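Below is one structure, written out as structure tokens; the observations come after it.
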Amino acid sequence: MSFTTRELWTIVHGMGLGAAFLLAFAGGLAGLWSLRPGLITEAGIVERTKRLKIGTWAMALAAWLTVITGTFIVYPWYRADTGACEEELTAGCGARFALLADEAKAQWHEFGMEWKEHIAWIAPMLATAVAVAVSYYGVKLVREQGVKKALIVAFSAAFVIAAIAGALGAFITKSAPVA
């Protein structure tokens, strides 16, 4: 089995970095959720907080790498202009044109790629904000339950945005692969 360079980058972008971000969410959410007074010792709080800091920063990095590789490596191939394709939409012109040429699939481009191009950038911003707040508050998050709940909401919003972008990316790639 062999992959083209484009296929390999698509795998790295979606199944590698994107999946790492989405999987890290579960650990980060569990880490935030478990920081409750009375449930763990002072030593346990310090140990969990250290893991939470590392995990949230790793998740933020994965999110940034996912949107950067998608925007600057994979997306230009999706949107490749072969000249004559602008005037006559045909499936042989590339992924974007294949979707636009088929009226039943055009919404994958109209909605799906708009989400991926614009909204998906919010996920790494939210993930970074959570990582900064976790680093700033540290062990004080146990006492600052309101801040912790706000971080869980921001963390969850980053996950939902990224999950939708990932699902749309998978559906778009299934409908019109980047060749």
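The values are calculated or read from the model by the stated rules, or taken from the named source; none is laboratory data. What you are looking at is a predicted structure, and each value in this text was computed from that prediction instead of being measured. We place every Cβ from the backbone using ideal geometry, glycine too, and count neighbours over all the protein chains shown. For the accessible areas, the whole protein counts, side chains as well, though only heavy atoms, and no ligand, DNA or RNA atoms are used. Shrake-Rupley method; radii C 1.70, N 1.55, O 1.52, S 1.80 Å.
Among the conditions (1) under 26 Å from Ile152 (Cβ atoms); (2) open to solvent by 80 Å² or more (accessible area, probe 1.4 Å); (3) without any contact (Cβ under 8 Å) to a residue 12 or more places away in the chain; (4) in a helix (DSSP H, G or I), Ala30 misses just one, which is (2). Residues that are in a helix (DSSP H, G or I), modelled with pLDDT of 80 or more and over 12 Å from Leu168 (Cα atoms) within the stretch 97-118 comprise just one, Ala106.
Screening Trp57 with (1) at pLDDT 80 or above; (2) farther than 20 Å from Val139 by Cα; (3) of a type in the set (Phe, Trp, Tyr) gives one miss only, at (2). Beta carbons closer than 8 Å, at least 6 apart along the sequence or on distinct chains, pair a first residue in the stretch 139-163 that is outside any helix (DSSP H, G or I) with a second that is of a type outside the set (Phe, Trp, Tyr) for Arg143/Pro37. Every test in (1) in a helix (DSSP H, G or I); (2) at pLDDT 85 or above is passed by Tyr75 save one, and that test is (2).
Can you spot a residue in the stretch 131-138 that is out of contact with any Ser or Thr (no Cβ under 6 Å at 6 or more places or on another chain), in contact (Cβ under 8 Å) with a residue 40 or more places away in the chain and open to solvent by less than 10 Å² (accessible area, probe 1.4 Å)? No, because not a single residue in the stretch 131-138 is out of contact with any Ser or Thr (no Cβ under 6 Å at 6 or more places or on another chain), in contact (Cβ under 8 Å) with a residue 40 or more places away in the chain and open to solvent by less than 10 Å² (accessible area, probe 1.4 Å).
When we screen Thr69, Thr5 for residues that are open to solvent by 30 Å² or more (accessible area, probe 1.4 Å), of a type outside the set (A, V, I, L, M, F, W, C) and modelled with pLDDT of 85 or more, the only hit is Thr5.
Go through Gly94, Gly169 for me and flag whichever is open to solvent by less than 60 Å² (accessible area, probe 1.4 Å) and at positive phi.
Values: Gly169 fails: at positive phi.
Criteria check complete, one pass: Gly94.
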